[in-house]
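Student: Below are the structure tokens for one structure; questions will follow.
The values are calculated or read from the model by the stated rules, or taken from the named source; none is laboratory data. Keep in mind the model is a prediction, meaning the values are calculated, not measured. Heads up, the Cβs are rebuilt from the backbone with ideal geometry, glycines too, and the neighbour counts pull from every protein chain shown. The accessibility values were calculated without ligands, DNA or RNA, using every heavy atom of the protein model including side chains. Shrake-Rupley method; radii C 1.70, N 1.55, O 1.52, S 1.80 Å.
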Amino acid sequence: MSNEPAIRIRDVSHRFGEEGEARNVRALTGTSLDVARGELLCLIGPSGCGKSTLLNIVGGLLAPSAGSVEVLGRTVAGPRPRDIAFVFQENALFPWNTVRENVDLGMRFQGVARAERAERAQRALVAVGLADFAEHYPAQLSGGMRQRAALARALSLQTGILLMDEPFGALDEQTRMILGEDLSVLLAATKKTIVFVTHSLGEAVFLADRVAVFSARPGTIKQVIAVEEPHPRKPEFVTSAKFTGLRNQLYGLLHDEIRKTMSAESARPATPGALS
Amino acid sequence: MSARRLGVRIVQVAVPAVLIALWYLATTRWGVSRILLPNPVAVVEALKNVLATGEFLPDLRVTLLELAVAFAISATSGVAIGFLISRSGYRIRVYEPLLAAIYAVPLILFLPLYVLWFGLGPASKIALGATISFFPVVLATIAGFGNVDRVMVTAARAMGASNFQLFRFVLLPAAFPVILAGMRVGFTVALLSIIGSETLASLAGLGHHIVELSENMEMPRMFAYVAFVVAIAAVLNLVVFRLEAWGRRR
């Protein structure tokens, strides 16, 4: 395996809308980062800091206003379905298809032959523990099971890179913990390169090899913290002093940024010019 | 069937039965003029006669033909135009309120104009039926294609879906139930407006025949035709409803 990083982010900035427009927002500014092959990197930061924006830029769903991203040595200029799979926060499954059909469809978009699709779908469903629910529709599943199905769909695509945008963000704390443990076991076996956006400190420390902490808007990476704990992570890790220490360190880094975000929001008048 | 549902069914049968009984009493006991309200027994006799002779067939054929052509025009043009509008947020913002506003106008007012343009024959009924039923179809199509969850589209794109695959596997299944509901409403208003306009200005059709019988004071026969049209409309609406339910399951 080469030492070249799987993902190379160089001076990426992004702005929504044009300068001078009312809805013009600088979401991301001068961000650089490398993600090594096989690494799980968490992006964490205050809401609106541009962490999801960066994920979408890496995945080719959004073209950056400035800077560039290379994935596996090639500059990203649009979706790269053979290299990159996504798991979104929610509602990304097609409700009119069963779980199995949902998994099948992603591979069908890529032109995988029917027999191979069936086999890969079955393997992915077994891996996430949904084999018995393959013929269910998304509406018949719990939120946690739906996210397992979305993960199965992403795994079946057999990409080297997995981008996860707050995949457990809509779930309750208990479900989120269990899914986090299962994900750690699953991903330790797959050797995928993963970028995982979260706003949960515990989730970041539990899952990540490294955690990139964002500053408030316009966001950029403020600091990167290494977790240095082998995968798969055991549930006991959560109660260790190391975990608590890292979590507190993250909290310290984030606290100021969240304060900055909130004061920026409360300082903004409700209607521009109304107070003058 | 649960006791509650059985109760609902009993009331649903009892209400029309009581109404018919009151109708019968009104004509036999309470001295309501037979010219204003015929005896229900006479109506049943007239209905038997109408059905036995098959004299309704030419008028039924005219009305159903008008309905089929009008609905074919409104369904195809409504879906096509609705799809084109739904492809851009700008076009939705421009055209959706405009179409909704026109739909709120009583479009039956176009009938005199259509009679001038297309004559008293089926063409003016087809034009009116197609005009009126176009709106629910086009509005439902815009809503169906315009409100597809963005995350699903993004997910399909990220997995490498082509434009055709995006349409076939994401946009169409997402919009289909909404479009079907619009088509069902369109079909119903097409039927209403066609029979209604036949009673106002026409040469043939079931609505035309009912007015003719009324003007000739053939009350039992006229009531028989009204009952016949109600039954035809109920059957057609049931068929469309079943088709919609079948389409939703797919």
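Student: Ignoring everything but the protein chains, give the 1.4 Å probe accessible area of A:Lys260 in square angstrom, nearest 10.
Tutor: Ignoring ligands and nucleic acids, A:Lys260 comes out at about 110 Å².
Student: What length, rounded to one decimal in nm, is gained on full extension from B:Thr76 through to B:Gln165, with 0.36 nm per residue of separation minus their alpha-carbon distance?
Tutor: Stretched fully, the B:Thr76-B:Gln165 segment lengthens by 29.9 nm.
Student: If every alpha-carbon in chain B counts as one equal scatterer, what log10 I(q)/I(0) does Debye give at q = 0.08, 0.10, 0.17 1/Å?
Tutor: -0.45, -0.66, -1.23
Student: Right, another one. List the residues whose amide H sits under 5 Å from the amide H of A:Gly67, counting only those 5 or more places along or on another chain, with H placed 1.01 Å from N in the peptide plane.
Tutor: Counting only residues 5 or more places away or on other chains, the set is A:Ser13.
Student: Taking A:Lys192 as the anchor, which lysines have their alpha carbon closer than 26 Å to its alpha carbon, excluding any fewer than eight residues away along the same chain?
Tutor: A:Lys51, A:Lys222, A:Lys234, A:Lys242
Student: For the full complex of protein chains and a 1.4 angstrom probe, list B:Met217, B:Met183 by accessible area with the highest value first.
Tutor: Numbers: B:Met217 120, B:Met183 50 Å².
Order by accessible area, largest first: B:Met217, B:Met183.
Student: Something else now. If B:Ile142, B:Ile10 are ordered by their accessible area, calculated over protein heavy atoms with a 1.4 Å probe, which sequence runs from highest to lowest?
Tutor: My answer, sorted largest first, is B:Ile10, B:Ile142.
Student: For the protein assembly as shown, compute the orientation-averaged projected area of the C-alpha convex hull (one quarter of its surface), in nm².
Tutor: Orientation-averaged projected area of the Cα hull: 36.6 nm².
Student: Quote to one decimal, in nm, the extra length available between A:Ala113 and A:Lys260 on full extension: 0.36 nm per residue of separation minus the C-alpha distance between them.
Tutor: 47.7 nm
Student: Still on this structure: Relative to the isolated chain, which residues of segment B:158-204 have their accessible area cut by 20 Å² or more in the presence of all protein chains (1.4 Å probe, heavy atoms, no ligands or nucleic acids)?
Tutor: When all protein chains are present, B:Ala158, B:Met159, B:Gly160, B:Gln165, B:Phe169, B:Val170, B:Pro173 each give up 20 Å² or more of accessible surface.
Student: How well do other chains shield peptide A:90-98, expressed as the mean number of their Cβ atoms within 10 Å of each residue Cβ? Walk me through the numbers on the way to the answer.
Tutor: Details: counts 2, 5, 9, 3, 8, 4, 10, 2, 0.
Mean shielding by partner chains, rounded to a whole number: 5.
Student: Roughly how many Å² is the accessible area per residue of the protein assembly as shown, as a whole number, for a 1.4 Å probe?
Tutor: 51
Student: Taking K and R as +1 and D and E as -1, what net charge do the other residues with C-beta under 13 Å from the C-beta of B:Leu60 add up to?
Tutor: Within the 13 Å Cβ shell, the charges total -3.
Student: Here's a follow-up. Which of rounded, prolate or oblate describes segment B:31-80 when judged by the alpha-carbon gyration tensor and an a/c cut-off of 1.5?
Tutor: On the way: a/c = 5.12, a/b = 2.38, b/c = 2.15.
Judged from the Cα gyration tensor, segment B:31-80 comes out prolate (a/c at least 1.5, a/b above b/c).
Student: For chain A, what's the relative contact order in percent, using C-alpha pairs closer than 8 Å and at least 6 residues apart?
Tutor: Details: 508 pairs, mean separation 66.1, N = 276.
Value for chain A: 24 percent.
Student: Chain pair B, A: how much accessible area is buried, both chains summed, with a 1.4 Å probe, in Å² to 100?
Tutor: Buried area between the two chains comes out at roughly 1500 Å².
Student: Now, a different point. Of B:Val18, A:Val197, which has the most accessible area with a 1.4 Å probe, and how do the rest follow in descending order? Walk me through the intermediate numbers first.
Tutor: Working: B:Val18 85, A:Val197 0 Å².
My answer, sorted largest first, is B:Val18, A:Val197.
Student: Can I ask one more? Using a 1.4 angstrom probe on heavy atoms only, work out the carbon and sulfur share of the accessible area of the protein assembly as shown in %.
Tutor: 62
Student: Set the Förster radius R0 to 56 Å, insert the Cβ-Cβ distance between B:Ala100 and A:Ala189 as r into 1/(1 + (r/R0)^6), and round the FRET efficiency to 0.05.
Tutor: 0.55
Student: Relative to the compact globular guide of 2.2 N^0.38 Å, what is the alpha carbon radius of gyration of segment A:139-247, as a ratio? Walk me through the numbers before you get to the answer.
Tutor: On the way: Rg = 14.2 Å, N = 109, 2.2 N^0.38 = 13.1 Å.
Rg over 2.2 N^0.38 Å, computed on Cα atoms: 1.09.
Student: Working out 0.36 nm times the residue gap between B:Tyr24 and B:Thr53, then minus their Cα-Cα distance, what length gain in nm do you get to one decimal?
Tutor: The span from B:Tyr24 to B:Thr53 would gain 7.9 nm if fully extended.
Student: In whole Hz, what ³J(HN,Hα) sequence does segment A:110-126 give by Karplus (6.51, -1.76, 1.60; θ = phi - 60°), x for Gly and Pro?
Tutor: 8, x, 6, 5, 4, 4, 5, 4, 4, 5, 5, 4, 4, 5, 5, 5, 5
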